[in-house]
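Student: Below is a structure I'd like to ask you about.
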Amino acid sequence: MENVINLDNTKLKNDIELDRELDFQENRNKQEFTNIVGKVIDSGTNYVIKALPVSENIKDIILDIKSAFKTKDFKEILKTAVNSTIREGLEVLSLPKNILSDITKISKVAFKGGLSSALSASIDIIANKYLKKSIFSPILDKAIKDIKLYTSSSTFKEKVDIGVNKLLDKTKKFNDLCSKWYDAYEKFDIFNMNNINKDIKKIEPHIVNEKECRMHSNIINNMTNLVNTKRAKLSPMQIQICSNM
């Protein structure tokens with residue numbers, strides 16, 4: 001009976017740990033997706049700005065528009081828009097929340113949940129708060145309208161998906177860096193080990209769909225630190241300790 005209880009407790013602990021890993025991955029994926037959407041809006045805004053007529057007065061309009069979409073308010077509204085449309089998309093598609101651990105699914109879910117409409121409303125809120133009193137309102141109105149049209153276009157969705165794919169490319173780069181670090185360790189090239197370890201730490205926070213990346217990054221960092229102290233290769237026991245830290 002005691003063994004059964006112990007097994008149940010172990011399973012419960014594993015389930016809790018899995019839930020934590022999924023929550024971490026889901027939240028990071030949502031944040032990365034929000035960052036991608038923000039960057040695509042920014043590039044679209046720049047495109048719209050370049051299409052404005054050239055004059056001295058237009059410079060002020062350009063600064064006003066750029067400033068409005070760099071505010072903390074817009075970042076918060078953008079985050080809310082993405083999160084709410086993801087929730088709506090999950091309901092519409094009848095999908096479980098843990099599907100968000102795969103960032104390639106988030107785009108479909110968010111757009112199905114009305115992301116373009118939510119972004120259009122978000123842009124209106126920012127325009128009304130930061131740009132409404134401008135004496136160049138006709139030009140601004142046209143610019144805002146064009147930005148909203150852009151977020152509803154197929155080009156916008158394509159660029160968001162391209163941004164997601166670039167994140168996946170970072171996972172491949174991360175794995176390549178890990179392989180290079182272990183090669184440097186075998187050759188006991190401490191200089192390269194330290195340089196590669198720095199690169200791994202820089203890229204690791206942006207890795208998606210790969211919960212083991214964080215673990216590998218920690219192991220390599222721990223081993224690098226210990227090698228720097230010992231100035232010698234590690235024993236199997238020390239490697240095991242680095243893996244468990």
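The values are calculated or read from the model by the stated rules, or taken from the named source; none is laboratory data. Just so you know, these numbers come straight off a predicted model, no measurement behind them. Methodologically, a virtual Cβ is constructed for each residue, glycine included, from the backbone with ideal geometry; neighbour enumeration extends over all protein chains shown.
Student: Considering every residue within the stretch 190-200, establish whether at least one is among the aromatic types (Phe, Trp, Tyr), in a helix (DSSP H, G or I) and surrounded by 14 or more Cβ atoms within 10 Å (Cβ to Cβ).
Tutor: Checking the stretch 190-200: not a single residue is among the aromatic types (Phe, Trp, Tyr), in a helix (DSSP H, G or I) and surrounded by 14 or more Cβ atoms within 10 Å (Cβ to Cβ).
Student: Let me ask something else. Hey, does the stretch 54-73 have a residue that's of a type in the set (A, V, I, L, M, F, W, C) and part of a loop (DSSP other than H, G, I, E, B)?
Tutor: If we filter the stretch 54-73 for residues that are of a type in the set (A, V, I, L, M, F, W, C), which is where we start, we get 54, 58, 61-63, 65, 68-69.
Remaining after also requiring part of a loop (DSSP other than H, G, I, E, B): 54, 69.
Yes, some residue in the stretch 54-73 is of a type in the set (A, V, I, L, M, F, W, C) and part of a loop (DSSP other than H, G, I, E, B).
Student: Identify the residue in the stretch 124-180 that is more than 13 Å from VAL40 (Cβ to Cβ) and among the β-branched types (Val, Ile, Thr) and, among all such residues, is nearest to the chain's Cα centre (by Cα).
Tutor: Within the stretch 124-180, the match that is nearest to the chain's Cα centre (by Cα) is THR171.
Student: Please verify whether the stretch 219-231 includes one or more residues that are assigned by TED's automatic domain parsing to the domain that holds GLN25, among the basic types (Lys, Arg) and surrounded by fewer than 15 Cβ atoms within 10 Å (Cβ to Cβ).
Tutor: Within the stretch 219-231, not a single residue is assigned by TED's automatic domain parsing to the domain that holds GLN25, among the basic types (Lys, Arg) and surrounded by fewer than 15 Cβ atoms within 10 Å (Cβ to Cβ).
Student: Oh, and also: So for the stretch 21-37 (the condition being assigned by TED's automatic domain parsing to the domain that holds ALA127, at pLDDT below 90, closer than 20 Å to SER153 by Cα and surrounded by 17 or more Cβ atoms within 10 Å (Cβ to Cβ)), does at least one residue qualify?
Tutor: There is no residue in the stretch 21-37 that is assigned by TED's automatic domain parsing to the domain that holds ALA127, at pLDDT below 90, closer than 20 Å to SER153 by Cα and surrounded by 17 or more Cβ atoms within 10 Å (Cβ to Cβ).
Every residue, every condition in (1) touching a residue at least 24 places away in the same chain (Cβ under 8 Å); (2) among the small types (Gly, Ala, Ser); (3) in the same structural domain as MET215 (by TED's automatic domain parsing); (4) assigned to a helix (DSSP H, G or I), yes or no:
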| residue | (1), (2), (3), (4) |
| --- | --- |
| GLU91 | no, no, no, yes |
| LEU100 | yes, no, no, yes |
| SER107 | yes, yes, no, yes |
| ASP124 | yes, no, no, yes |
| ASP141 | no, no, no, yes |
| LYS159 | yes, no, no, yes |
| LYS173 | yes, no, yes, yes |
| LEU177 | yes, no, yes, yes |
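Student: Also, I was wondering about something else. Would you check if HIS206 is touching a residue at least 60 places away in the same chain (Cβ under 8 Å) and either surrounded by 12 or more Cβ atoms within 10 Å (Cβ to Cβ) or not assigned by TED's automatic domain parsing to the domain that holds ASP42 (or both)?
Tutor: Judged against the criteria, HIS206 is a match.
Student: Quick check on my filter: what residues within the stretch 91-112 are more than 19 Å from the chain's Cα centre (by Cα) and not polar (S, T, N, Q)? Show your work before the answer.
Tutor: Residues of the stretch 91-112 more than 19 Å from the chain's Cα centre (by Cα): 91-96, 112.
Within the stretch 91-112, GLU91, VAL92, LEU93, LEU95, PRO96, LYS112 meet the criteria.
Student: Sticking with this structure for a sec: Which of the residues belonging to the stretch 48-69 are under 20 Å from PHE156 (Cβ atoms) and loosely packed, with under 13 Cβ neighbours inside 10 Å?
Tutor: LYS50, ALA51
Student: For the stretch 124-160, name all the residues that are within 24 Å of ARG28 (Cα to Cα) and surrounded by 16 or more Cβ atoms within 10 Å (Cβ to Cβ).
Tutor: THR151, PHE156, LYS157, LYS159, VAL160
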